[in-house]
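K.L.:
I have a structure here, written as structure tokens, and I will follow up with some questions on it.
The values are calculated or read from the model by the stated rules, or taken from the named source; none is laboratory data. Keep in mind the model is a prediction, meaning the values are calculated, not measured. Heads up, the Cβs are rebuilt from the backbone with ideal geometry, glycines too, and the neighbour counts pull from every protein chain shown.
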Amino acid sequence: MNHATPAQRAQLSALRRGRLRRRRGTLALLAAGLSVGVLVTLALGQSYTPLSTVARVLAGVDVPGASFTVGELRLPRAVACLLAGACFGLGGVAFQTLLRNPLASPDIIGISSGASAGAVFAIVALAWSGPAVALVAVAAGLGVALLIYLLSWRDGVTGARLILIGIGLAAMLQSVTAYLLMQAPSWSLQEALRWITGSVNGVRLTQALPLSLALG
């Protein structure tokens, strides 16, 4: 760069400005699409709520019927979905940045499978529920991450080796989860499936606090 001519430096600066403009434009489009999606989520459902009414509810105005439908049912679900999606995105970006591989993500290398297996075990075998299941899932995910790291160590860890071992462990853990689900009684099978697939049914704004802390 120190030996570049003025014309080359100008060209490089122009390329950087163009890249920055494209990035800003992409972010603006994504933000606009996200905003439209949230408004549609708040307005549509079993009954339609006009956007003017949605705005009044968001402003804190007590609107009979709409305050419950929008403020108590739809808004918490929209907030939970946004925060959960942001957590998934940040997790994927963190793995890809650390391992410098676009295939590196928690679901690909087995960490998500480990958390799912731990949660299903807690629900089916231990008959636990609530925060206890979440703690077991987190502990299982961390344990699988440590196991992948130890199995990948050969005078250092390479991204390709870690991903291949993670994919193998993911397949094994998915088999464990499938076996536990086949052995599960009907009353715990539904809860286990709901935990694996996720659900925002009945979520409250207070429950979005842990997600906000995770993003922080």
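K.L.:
Starting from the range 160-173, keep only residues that are at pLDDT below 95, then list their pairs with residues that are loosely packed, with under 14 Cβ neighbours inside 10 Å whose Cβ atoms are within a distance under 8 Å, requiring at least 6 positions of separation or different chains.
P.N.:
Note: pairs meeting the criteria are Arg161/Arg154; Leu162/Tyr149.
K.L.:
May I pose another question? What do you reckon, is Ala94 surrounded by fewer than 19 Cβ atoms within 10 Å (Cβ to Cβ), assigned to a helix (DSSP H, G or I) and among the hydrophobic types (A, V, I, L, M, F, W, C)?
P.N.:
Against the criterion (surrounded by fewer than 19 Cβ atoms within 10 Å (Cβ to Cβ), assigned to a helix (DSSP H, G or I) and among the hydrophobic types (A, V, I, L, M, F, W, C)), Ala94 qualifies.
K.L.:
Report whether or not Leu99 is loosely packed, with under 14 Cβ neighbours inside 10 Å, farther than 22 Å from Leu211 by Cα and of a type in the set (A, V, I, L, M, F, W, C). Show your work before the answer.
P.N.:
Working: loosely packed, with under 14 Cβ neighbours inside 10 Å: no; farther than 22 Å from Leu211 by Cα: yes; of a type in the set (A, V, I, L, M, F, W, C): yes.
No, not satisfied.
K.L.:
Also, I was wondering about something else. Suppose we filter Ala66, Ala59, Ala104 for residues that are in contact (Cβ under 8 Å) with a residue 40 or more places away in the chain and of a type outside the set (D, E, K, R); which single one remains? Steps first, please.
P.N.:
Details: Ala66 fails: in contact (Cβ under 8 Å) with a residue 40 or more places away in the chain; Ala59 fails: in contact (Cβ under 8 Å) with a residue 40 or more places away in the chain.
Just one listed residue meets the conditions, Ala104.
K.L.:
Looking at Ala145, Ala171, Ala160 in this structure, which one is in contact with a helix residue (DSSP H, G or I) (Cβ under 6 Å, 6 or more places away or on another chain) and within 16 Å of Ile109 (Cβ to Cβ)? Outline the logic, then answer.
P.N.:
Details: Ala171 fails: in contact with a helix residue (DSSP H, G or I) (Cβ under 6 Å, 6 or more places away or on another chain); Ala160 fails: in contact with a helix residue (DSSP H, G or I) (Cβ under 6 Å, 6 or more places away or on another chain).
Going through Ala145, Ala171, Ala160 in turn, just one is in contact with a helix residue (DSSP H, G or I) (Cβ under 6 Å, 6 or more places away or on another chain) and within 16 Å of Ile109 (Cβ to Cβ): Ala145.
K.L.:
Output the qualifying pairs, or none if there are none: Cβ atoms under 9 angstrom, residues six or more apart or on different chains, first residue in the range 39-50 and closer than 14 Å to Gly71 by Cα, second residue of a type in the set (Lys, Arg) and exposed (fewer than 11 other Cβ atoms within 10 Å of the Cβ).
P.N.:
Between residues of the range 39-50 that are closer than 14 Å to Gly71 by Cα and residues that are of a type in the set (Lys, Arg) and exposed (fewer than 11 other Cβ atoms within 10 Å of the Cβ), there is no close pair.
K.L.:
Being at pLDDT 90 or above and more than 19 Å from Val200 (Cβ to Cβ) narrows it down to one residue among Val63, Val79; which is it?
P.N.:
The match here is Val63.
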